[in-house]
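Q: Take this structure first; my questions come after.
The values are calculated or read from the model by the stated rules, or taken from the named source; none is laboratory data. Since we're looking at a predicted model, the values are computed, not measured. No Cβ is skipped: glycine too gets one built from the backbone with ideal geometry, and neighbour counts run over all protein chains shown.
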Amino acid sequence: MAAAVEMEKEEESPMKKGEEALERLRSADPPLYLTQSSEFARDARAASCFLFSSLVPFCTKLPVDRLLVEGFDAEQIWYQIDLLSRPLLSTVRREFKRLEEEHHSRAGLSTIDADGDGEEMVVEKDEISVDDEGDEEDGDESEEKGSEDEEDGEEDDEDDGEADEEEEEEEEAGEAKGNVVEDKFLKMQDLENYLENAEAKEYGHPLEDFDSDGDEDAELGANARYEDFFGGNKKKQQKKCGTVGKRKRSSTELDAVDHFENTDEDVEKNDSEQKLLSTHEKELQKMRSKIEEMEKANLDPKSWTMQGEVTAAKRPKNSALEVDLDFEHNVRPAPVITEEVTASLEDIIKKRIIEGHFDDVERAPILPSKPPKETKEMDENKSKKGLAEIYEEEYAQKTGLAPALLSASDKLKTEATMLFKKISLKLDALSHFHFAPKPVIEDMSIQVNVPALAMEEVAPLAVSDAAMLAPEEIFHGKGNIKEEAELTKEERKRRRANQKRRFRRLKAETFKRAVQKTGQSAVPGATNGN
Amino acid sequence: MEVEKVEAKTAVATAMEVEKAASSAAAPRPQFKPLKPHEMSDRKIEFRKVSVPQHRFAPLKRCWMEIYTPVYEQMKIDIRMNLKTKKVELKNRADTPDISNLQKSADFVHAFMLGFDVADAVALLRLDDLYVDTFEIKDVKTLRGEHLSRAIGRLSGKGGKTKFAIENSTRTRIVIADSKIHILGSFLNIKIARDSLCSLILGSPAGKVYSKLRTVSARLAEKY
């Protein structure tokens, strides 16, 4: 008894340990999976053992009845798990299909639970379906990367652990394809469902889900025929599906959320109704549906672009930006300046320059007809002169008693002339007064009657000849002066005659004077008076 | 020669006849000397009394000699200050050259009392055709309180520059005493100054008034 108890305990304790290990793994943070810790590895192995042993009863042919963990590396452990899981997965899928069929036949919305466990599992699954997918994705990624041992073992074990989920199989099926693209927005399964619906609408019957068919039953895939894929005998296919579904059926309930099932059902129903339509009838049906659509569109209110005058309030926001509006522009568009335009302009300019043909308007020069008016500036200061003085000055100017005041312009003129004189003086200085006439300096000085020759010799260069005595000042003679050698005979005679006359006159004058003087006194040796 | 002499004789004869005729017709014309101004008013002495306002007392005392001298010396009018009655009294003299001198002197003193400078008021003595014109702001436009103050400010301008500008360009003198405005000058100039001041009271900006003044004064200057 004790031994049995002990045995039980022993059996139980590893189970418990395994459960605990699994719990610990579950509760651990995802980043911890990346770290290398021996504890984690031990937990992972324990959990794997537990899961393996819990799944063993379901599997029929197995070489090993429990997971050999000690001393084996990741590859070997994985191979053992794989051995277990492959046939198990296929059986589970078959059951699932069978259950589907049952679900259809029951007009399948009932969710009767055979097991409470199943309920829990489903609820669990519902809640964490997204997380599961996330986990699976991580697991798959880690598989692909080929990273740590623990992760591989754990993820797969978790997958195995949740064996009751039917959706997850579908999801697994889809995993292989879309695990790179999928995220919380894009689900490949949803995409496939939508595509299948569209195709069903188009062709009037559902196309076969190749993948699921291929995956779910290897036997079916091996014997795939034209009829399987492209219609023909629907009943055959349904029978097959039915058998498969029955085999798959388990005690667990179906999920109502599985819309893939529903659509499949609907499509299959339609199939049964329309399977005998001819091409013509199909075309007619299409036309009819199109007509219906168009009539519906006509009855609906028109879009805002088709209505007449639309204000901003009547159309959605920013809708005018999206529509291509066309309206008349009354403005000539600005000319696009291209190289040709520039070249043509430049040619015109060159031609005109060569011709000398400039026809730009010139402003006519203003010719001053009258002298500029003298405008008095407005004086804003208190006037220094009293009113009486102002009138006095005015009167004085009028009568001419006072000289006319220099008007402003006169003052300016005098100022200007002074400035100009200063400037011209400076400019002359620049050229050493070469061009300017010498200023006349009137001063009194004594002129010496020195012969010019002497002066010329000694005088400095600066003294001009004008300072010396003029020839007239030296000699006052008149007429044609000739030397004795030049004289002719008559002239000589004339000169002599003049001389004689002068001499005689002189003599006569002196004699007269003498006689007058000696009117009182006797003349010595005088011959008159006898 | 004889003919000429005969003609001259006849001319003289006719002239003498005319003279006789005239003298025989009426009495000889009296020749009077011109009347003195004193005699013109029947030898009556006339007075003028100009009252002095309170605020002009001190200036009067300061400028008394400047007022007294031209009035007494040149106008030959007796002038005195009666402190008891606070009036300036003017009196005609026997040798006053012109009867209008008294009135001119009275106007001169009155102008000083209004607020004009002596140098400006003296022009009244020297020129005949200068007048003093007075008007109030309320004659032009009814303004109250701040509007009135602002109008007075507009009239004077900053540092009195608007007033001086008008004075200089129109050859007038302006006194702004609270609400009363006095203008001294010749008739035409008073008119121009008054127009400018009225436009300022009514609200036009100083620049506008200046431009108008410029054109008008230029026109005036051209005339003379």
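Q: Looking at A:375, A:342, A:338, can you tell me which residue is away from chain B (no Cβ under 14 Å) and surrounded by 10 or more Cβ atoms within 10 Å (Cβ to Cβ)?
A: That would be A:342, the only listed residue that is away from chain B (no Cβ under 14 Å) and surrounded by 10 or more Cβ atoms within 10 Å (Cβ to Cβ).
Q: If you don't mind, another one. I'd like to check which helices (runs of 4 or more DSSP H) are fully inside the stretch A:387-486 and have at least 1 residues that are at pLDDT 80 or above and within 14 Å of chain B (Cβ to nearest Cβ).
A: Fully inside the stretch A:387-486 and qualifying: A:387-399.
Q: Can you pull out the residues in the stretch A:294-312 that are among the charged types (D, E, K, R) and not in a helix (DSSP H, G or I)?
A: A:300, A:302, A:309 - these are the residues of the stretch A:294-312 that are among the charged types (D, E, K, R) and not in a helix (DSSP H, G or I).
Q: Related question: If residue A:367 satisfies every condition in (1) surrounded by fewer than 10 Cβ atoms within 10 Å (Cβ to Cβ); (2) not in a loop (DSSP other than H, G, I, E, B) but one, which is the exception?
A: Residue A:367 satisfies all of (1) surrounded by fewer than 10 Cβ atoms within 10 Å (Cβ to Cβ); (2) not in a loop (DSSP other than H, G, I, E, B) except (2).
Q: For the stretch B:143-167, how many residues are charged (D, E, K, R) and within 11 Å of another protein chain (Cβ to nearest Cβ)?
A: Within the stretch B:143-167, residues that are charged (D, E, K, R) and within 11 Å of another protein chain (Cβ to nearest Cβ) number 4.
Q: While we're looking at this one, here's another question. Say we look at the stretch A:42-73 and pick out the residues that are exposed (fewer than 15 other Cβ atoms within 10 Å of the Cβ) and under 60 Å from the mean Cα position of the chain (by Cα); which of these is farthest from residue A:25 (Cα to Cα)?
A: A:73
Q: Here's something else I'd like to know. Can you go through A:316, A:333 and tell me which one is farther than 30 Å from residue B:173 by Cβ, free of Cβ contacts under 8 Å to residues at least 12 places away in the same chain and more than 11 Å from every other protein chain (Cβ to nearest Cβ)?
A: Among A:316, A:333, only A:333 is farther than 30 Å from residue B:173 by Cβ, free of Cβ contacts under 8 Å to residues at least 12 places away in the same chain and more than 11 Å from every other protein chain (Cβ to nearest Cβ).
Q: Quick one: which of A:406, A:401, A:387 is free of Cβ contacts under 8 Å to residues at least 60 places away in the same chain, surrounded by 13 or more Cβ atoms within 10 Å (Cβ to Cβ) and under 27 Å from residue B:126 (Cβ atoms)?
A: On inspection, the qualifying residue turns out to be A:387.
Q: Something else about it: Can residue B:123 be described as touching a Phe, Trp or Tyr at 6+ places or on another chain (Cβ under 8 Å) and among the small types (Gly, Ala, Ser)?
A: yes
Q: Related question: Which residues, counting only those in the stretch A:325-364, are small (Gly, Ala, Ser) and in a loop (DSSP other than H, G, I, E, B)?
A: Scanning the stretch A:325-364 gives A:334, A:356, A:364.
Q: Limited to the stretch A:345-364, what total is found for residues that are surrounded by fewer than 10 Cβ atoms within 10 Å (Cβ to Cβ) and acidic (Asp, Glu)?
A: Qualifying residue count, the stretch A:345-364: 4.
Q: With respect to residue B:170, is the statement that it is more than 9 Å from chain A (Cβ to nearest Cβ), among the hydroxyl-bearing types (Ser, Thr, Tyr) and touching a strand residue (DSSP E or B) at 6+ places or on another chain (Cβ under 8 Å) true?
A: yes
Q: Looking at (1) more than 30 Å from residue B:156 (Cβ to Cβ); (2) outside any helix (DSSP H, G or I); (3) not polar (S, T, N, Q), can you tell me which one residue A:291 breaks?
A: Condition not satisfied by residue A:291: (2).
Q: Please specify each residue of the stretch A:74-95 satisfying the condition of being under 24 Å from residue A:14 (Cα atoms) and either among the aromatic types (Phe, Trp, Tyr) or in contact with a helix residue (DSSP H, G or I) (Cβ under 7 Å, 6 or more places away or on another chain) (or both).
A: Passing the criteria: A:74, A:77, A:78, A:79, A:81, A:84, A:85, A:88.
Q: To continue, here is another question. Hey, among B:66, B:89, which residue is more than 14 Å from chain A (Cβ to nearest Cβ) and either assigned to a helix (DSSP H, G or I) or at negative phi (or both)?
A: B:89
Q: Those residues that are in a helix (DSSP H, G or I) and exposed (fewer than 11 other Cβ atoms within 10 Å of the Cβ), I need them from the stretch A:32-41; list them, please.
A: A:38, A:39
Q: Out of the residues in the stretch B:173-201 that are surrounded by fewer than 19 Cβ atoms within 10 Å (Cβ to Cβ) and free of Cβ contacts under 8 Å to residues at least 40 places away in the same chain, state the one that is farthest from the other protein chains (Cβ to nearest Cβ).
A: Here the residue is B:178.
Q: Only residues that are more than 14 Å from chain A (Cβ to nearest Cβ) and surrounded by 18 or more Cβ atoms within 10 Å (Cβ to Cβ): list them for the stretch B:116-142, please.
A: Correct list: B:137 only.
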